[in-house]
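See structure below.
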Amino acid sequence: MKLKGILVIVFLAITLTGFSQRWKLKRYEVLFGVGSTNIYGDIGGTADANNLFGLKDIRINETRYSLYAGARYKIQKDWSVKFNLIYGKGVGDDKNSKNAENRGYTFSTSIIEPSFQMEYSFLSEERTMSSSRLYSRRGMVNNFTVFSAYGFAGMGGVIFNPKLDLHGKTAASVETIDGYGKFSVILPIGLGVKYAIDKNWSLGFEFGRRFVFSDYLDGISTQFSKANDTYYFGVFQAVYKLNTDRRGIPQFLVRRPRPGRNR
């Protein structure tokens with residue numbers, strides 16, 4: 001009985017170890033999606049000087065679309081690195097803002113963002129389970145949760161091409177994009193959630209702020225500007241997990257022997 005008990009414990013320990021490392025078999029993910037773009041610069045904004053840390057600057061009529069593609073790699077169970085490529089449209093209008101009476105400027109722009117971000121899952125996709133919960137009446141249970149959530153931070157760049165309309169007005173306090181670069185370094189930060197449909201497919205939503213190292217995302221900078229421009233992406237994502245072999249290589253990249261060849 002003692003030997004049998006020891007063998008059962010060893011078996012459960014091996015099973016639990018392998019079960020808790022199933023994430024290694026799906027370390028790669030591809031993502032695509034659509035979402036929203038909001039740009040906050042020197043044009044537009046609330047009519048109130050107190051904008052509640054930018055919350056009052058949010059306008060539905062100045063929200064435009066974004067297109068998203070990405071790739072994620074799991075470094076550890078709860079740590080991942082992700083590459084993003086995002087295209088967005090942005091607009092702004094002084095109408096109904098604090099600058100409406102003396103300016104009335106408008107702008108539109110296209111932005112392209114390549115960036116990398118590090119993610120930490122504070123609600124893990126993979127549950128930690130005791131050996132007594134590994135099996136049910138139907139056999140081994142799934143250890144992946146339906147909902148997971150993560151925070152992220154990273155670094156990247158943004159290419160922008162603003163079209164500025166001053167409506168025939170000029171002001172000594174305004175410097176336009178002419179003569180300034182249309183590329184800037186950015187620092188993205190935000191939160192994301194995922195909902196697992198099955199072992200391969202998930203749906204997700206990610207919302208993040210981009211701190212821009214430029215004040216010309218909207219085409220102008222003014223002497224009253226105290227900070228650089230920022231923008232937000234809200235993206236709905238479809239996520240597909242790629243199967244990997246024991247070496248951690250995606251299976252579609254693994255070369256298989258041709259039929260009929262001698263091994």
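The values are calculated or read from the model by the stated rules, or taken from the named source; none is laboratory data. What you are looking at is a predicted structure, and each value in this text was computed from that prediction instead of being measured. Quick reminder, even Gly has a Cβ in these numbers, built from the backbone with ideal geometry, and neighbours come from all protein chains shown.
What the table shows:
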quantity: Residues of region 191-224 satisfying the condition of being surrounded by 20 or more Cβ atoms within 10 Å (Cβ to Cβ) and under 17 Å from Ala149 (Cα atoms); calculated: Gly192, Lys194, Ser202, Gly204, Glu206, Gly208
quantity: When residues of region 73-95 are limited to those that are crowded, with 19+ Cβ neighbours inside 10 Å and of a type outside the set (Gly, Ala, Ser), the one farthest from Thr109 (Cα to Cα); calculated: Lys74
quantity: Selection within region 173-190 - hydroxyl-bearing (Ser, Thr, Tyr) and either surrounded by fewer than 16 Cβ atoms within 10 Å (Cβ to Cβ) or in contact with a helix residue (DSSP H, G or I) (Cβ under 7 Å, 6 or more places away or on another chain) (or both); calculated: Ser173, Thr176, Tyr180
quantity: Residue in region 162-181 that is modelled with pLDDT of 90 or more, more than 19 Å from Gly33 (Cα to Cα) and assigned to a loop (DSSP other than H, G, I, E, B) present; calculated: yes
quantity: Lys24 surrounded by fewer than 19 Cβ atoms within 10 Å (Cβ to Cβ) and at pLDDT below 95; calculated: yes
quantity: Total residues in region 118-143, condition over 13 Å from Leu191 (Cβ atoms) and modelled with pLDDT of 55 or more; calculated: 5
quantity: Filter result for Glu101 (at pLDDT 95 or above, of a type in the set (D, E, K, R) and either within 21 Å of Ser221 (Cβ to Cβ) or over 16 Å from the mean Cα position of the chain (by Cα) (or both)); calculated: no
